[in-house]
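Okay, so here's the structure we're looking at.
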Amino acid sequence: EVQLVESGGGLVQAGGSLTLSCAASGFTFADYAIGWFRQVPGKDREGVSCISPGDHRTYIAHSVKGRFTISSDNAKNTVYLKMNSLKPEDTAVYYCAAVLNYYVDPDLFDRAGIYEHWGQGTQVTVSS
């Protein structure tokens, strides 16, 4: 069955860096797009970035552009989110999600409703 497992979250000071990992299994990695979302209590889930490993497309939200970078290691079926220059407002639970890559474009990558599979999330806390 499809499984997505996030790791790499933790506590970091403002200005620091973290890299999150999303390990995927149970589907053909090259046929799917993998997105990163984040959520804080009381707010909607926010799209952060997305990658389509099979055709090399990447998308990034304006709120993190220039600070976060998404990448993949296809041999490991793993997607990474490198987060630099972290701010307290980046504090959230970060989730990865997967959907067939045909459904993703620049207008849809950050919409949680299009993603079929979700991981359990990893907490990122940025202190001031």
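The values are calculated or read from the model by the stated rules, or taken from the named source; none is laboratory data. This structure is a prediction, so every number in the text was calculated from the model and none was measured. Every residue, glycine among them, receives a Cβ derived from its backbone with ideal geometry; neighbour counts consider all protein chains shown. Remember, those area values only see protein heavy atoms, side chains included, never the ligands or the DNA or RNA. Shrake-Rupley method; radii C 1.70, N 1.55, O 1.52, S 1.80 Å.
A Förster distance of 41 Å, applied to the separation of the beta-carbon atoms of SER85 and ARG111, puts the FRET efficiency at 0.95. When cysteine pairs in the chain are screened for C-beta atoms closer than 4.7 angstrom, the residues that find no partner are CYS50. In sequence order, the stretch 3-15 has phi-based couplings of 9, 10, 10, 8, 8, x, x, x, 9, 9, 6, 3, x Hz under the Karplus curve 6.51 cos²θ - 1.76 cosθ + 1.60, θ = phi - 60°, and Gly or Pro positions carry x. Placing a pseudo-label 7 Å from each Cα along the Cα-to-Cβ vector at GLN3 and SER128 gives an inter-label distance of 4.1 nm.
Take every Cα pair under 8 Å whose residues are at least 6 apart in sequence, average their separation, divide by the length of the stretch 82-123, and the relative contact order is 53 percent.
The mean accessible area for residues of the stretch 9-128, using a 1.4 Å probe and ignoring ligands and nucleic acids, is 50 Å² per residue. Rolling a 1.4 Å probe over the protein heavy atoms of the chain, with every protein chain left in place, gives an accessible area that is 47 percent carbon and sulfur.
For TYR32, the residues 5 or more places off, or on other chains, whose built amide H falls under 5 Å of its own are GLY54, ASN101.
Projecting the Cα atoms of ALA61, GLY16, LEU81 onto the charge dipole of the chain, computed from C-beta unit charges around the Cα centre, puts GLY16 farthest toward the positive end. Between SER17 and TYR102, full extension at 0.36 nm per residue minus the direct alpha carbon distance yields a gain of 27.4 nm. List the residues, sorted by chain then number, that are 5 or more residues from THR91 or on another chain and whose placed amide H is less than 5 Å from its amide H. Those qualifying (amide H under 5 Å, at least 5 residues apart or on another chain) are VAL126. Couplings 3J(HN,Hα) of the stretch 86-96, computed from phi: 5, 10, x, 6, 7, 4, 4, 8, 9, 10, 9 Hz, in residue order, whole Hz [Karplus 6.51 cos²θ - 1.76 cosθ + 1.60, θ = phi - 60°; x for Gly and Pro].
When the trypsin sites (Lys or Arg not before Pro) in the stretch 1-71 are filtered for DSSP coil states and for at most 16 other beta-carbon atoms within 10 Å of their beta-carbon, the remaining sites are LYS43, LYS65, ARG67.
A simple rule links phi to the HN-Hα coupling: the Karplus curve 6.51 cos²θ - 1.76 cosθ + 1.60 with θ = phi - 60°, which for the stretch 25-33 gives 7, x, 7, 7, 3, 5, 8, 10, 9 Hz, with x for Gly and Pro.
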